[in-house]
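Worksheet: one structure, shown below.
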Amino acid sequence: MEQKIQEFMELVKARNSHEPEFLQAVQEVAETVLPYIAGQEIYSGKNILLRMVEPERAITFRVSWVDDQGEIHVNRGYRIQMNSAIGPYKGGLRFHPSVNMSILKFLAFEQVFKNSLTTLPMGGGKGGSDFDPKGKSDAEIMRFCHNFMAELCRHIGPNTDVPAGDIGVGAREIGYLFGMYKKIRNEFTGVLTGKGLSWGGSLIRPEATGYGTVYFAQSMLETKRDSFNGKKVVISGSGNVAQYAAEKVLHLGGTVLTLSDSSGYIHDKEGIDEEKLAHVMYLKNEKRVRISEYIEKYPNAEFHAGEKPWNVVCDVALPCATQNELDGDDAKALLANGCMAVAEGANMPSTPEAVSAFHESKILFAPGKASNAGGVATSGLEMSQNSLRISWTREEVDERLKGIMKNIHDVCVSYGTEGNYVNYVKGANIAGFVKVADAMLAQGVV
Ligand SMILES: NC(=O)C1=CN([C@@H]2O[C@H](COP(=O)(O)OP(=O)(O)OC[C@H]3O[C@@H](n4cnc5c(N)ncnc54)[C@H](OP(=O)(O)O)[C@@H]3O)[C@@H](O)[C@H]2O)C=CC1
Ligand SMILES: O=C(O)CCC(=O)C(=O)O
């Protein structure tokens, strides 16, 4: 099997040699899914995983826009339409200077498995731009979003491809994107999710990724007859996912000790309570400043410039910032400090070395494609509400989200149990694969 995996990866590398993040995501899936395929007659000779690693379509386009000084800038826009076997392409848009083909293909590939795990009819896609929203005025953001959508609108639609937010794309950007789509196409449809409540959005969508991550971690803790109550929790990031993961940890009786951004992390030994979290939301969502400003209001907290929070003693770690933010040394530090569970809110935040360390020490470890699936699942619920032209209550959406997260947890357990340990990576990859693979088999070679 080792050799089969190596041969498969050689083929993928030959085509994608300059895409390290994409190769990293594929390697992890190959290591768990190829041994499973080998024991399943129906997949024999069908090259399904090889077909799944090739995007159905990868679109790149120019986005020109004018800044407040009248200067013209050019960015690159992307949409990767990875797999539509089980539904329209679905996945976020990321605006960050690091965005490139490798990062978007890894995200789109992960999205295929994640969306399948939700059990909702959504294929996988991802897109974005190397545009950097930091320091831009509202007017500049609007002009960029409008020009981005002026091209993207040709390639998406409520039954074709339904983008949403990701890093650098939140409620404000979705508004500008939706406005331009509606103007050009002259149709009011659920073409984007994460919309405002008065124009087709769903309650709980902003909270869903963070809440879902904590619901998943809660299910893992329950397998050890444990809970969040009284747990010390370390969280990275301070954006959408981190904020609502922190909120749900507080609801469940845990203590949140850290939050971070790309400039460093804050450590509040007294705990980031609801009032302090509201201040973080103000700093990040309205004032749009660095997390270091937290200590101006709460001087008992510390700011550690240029560092990550993984050396802080904790029971549970929730990486909620970005890919590869938690490496092998960080994992060792968490384990040495007694961390018992890690649930990824971000996409692929743990490096392969970190994941191996978690597995070797047999702690609870949830990969993002399972634990952060609550965001896209609730996007799926937003699509359903748009199609039915109704709005569910907060409680209704939250109950559905809880049910979906519990179901994802349980399916990971059933495919990932190895003796008395649950390998959630294996469980998520195989369970996500099976539904897509079966649909691809049924649809023939297309
Ligand atoms: N939003 C959603 O519904 C979903 C998001 N995710 C994933 O969750 C993660 C966070 O997304 P989201 O919260 O939406 O994004 P936001 O843009 O709201 O927040 C991103 C956070 O991560 C930090 N960050 C970004 N890049 C880096 C970096 N290179 N080093 C350190 N910190 C960094 C940002 O800090 P700074 O401001 O300094 O850049 C910010 O605090 C991503 O991996 C995303 O793909 C997964 C599922 C759904
Ligand atoms: O809600 C969505 O469609 C996308 C969410 C997303 O980008 C993700 O799950 O990584």
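Where both residues lie in the stretch 260-373, what percent of DSSP beta bridges are antiparallel, nearest 5?
50 percent
At a Förster radius of 35 Å, what calculated FRET efficiency corresponds to the Cβ-Cβ distance of ILE72 and GLU275, to the nearest 0.05?
That pair, ILE72 with GLU275, gives E of 0.20.
For the stretch 249-348, what is the accessible area per residue in Å², given a 1.4 Å probe and the full set of protein chains?
42 Å²
What is the distance in Å between the Cα centres of the stretch 399-417 and the stretch 289-311?
35 Å
Per the Debye formula with a single identical scatterer at each Cα and no solvent contribution, what log10 I(q)/I(0) holds for the stretch 282-380 at q = 0.12 Å⁻¹?
Those come out to -0.47, one per q.
Rounded to the nearest percent, how much of the accessible area of the chain (1.4 Å probe, protein heavy atoms only) is carbon and sulfur?
Carbon and sulfur: 49 percent of the exposed surface of the chain.
Determine how many Å³ per residue the convex hull of the Cα atoms of the chain encloses.
In the chain, the Cα convex hull volume per residue is 140 Å³.
Calculate the tail of P(r) for the stretch 176-291: the fraction of all Cα-Cα distances greater than 23 Å, expressed in %.
Here the tail beyond 23 Å accounts for 41 percent of pairs.
For the stretch 44-146, what does the accessible surface come to per residue with a 1.4 Å probe? Please give it in Å².
On a per-residue basis, 35 Å².
Which entries in the list LYS195/LYS248; LYS248/LYS332; LYS114/LYS402; LYS232/LYS269 go over 18 Å, if you measure between the two C-alpha atoms of each?
Checking Cα-Cα distances, LYS195/LYS248; LYS248/LYS332 exceed 18 Å.
Which value, in debye to the nearest 20, describes the size of the charge dipole of the chain about its Cα centre when Lys and Arg Cβ atoms bear +1, Asp and Glu Cβ atoms bear -1, and nothing else is charged?
With only Lys, Arg, Asp and Glu charged at Cβ, the dipole is about 1160 debye.
Please list, by residue number, everything in the stretch 212-242 whose backbone N is under 19 Å from a paramagnetic label point 7 Å out along Cα→Cβ of ASN407.
Only 212-220 fall inside the zone, counting backbone N under 19 Å.
Send over the Kirkwood Rh of the stretch 7-152, from the inverse of the averaged 1/r over different Cα pairs, rounded to one decimal Å.
16.6 Å
What FRET efficiency, computed as 1/(1 + (r/R0)^6) with R0 = 35 Å and r the Cβ-Cβ distance, is obtained for GLU293 and THR160, rounded to the nearest 0.05?
Computed FRET efficiency for GLU293 and THR160: 0.25.
At a threshold of 8 angstrom on Cα-Cα distance, excluding pairs fewer than six apart, so keeping six or more, what relative contact order does the chain reach in percent?
Relative CO of the chain lands at 15 percent.
The values are calculated or read from the model by the stated rules, or taken from the named source; none is laboratory data. If you're wondering where the values come from, they're calculated on a predicted model, not measured in any experiment. Using ideal geometry, Cβ is built from the backbone for each residue, glycine included, and neighbour counts are taken over all protein chains shown. Areas reflect the complete protein model, heavy atoms only, side chains present, ligands, DNA and RNA absent. Shrake-Rupley method; radii C 1.70, N 1.55, O 1.52, S 1.80 Å.
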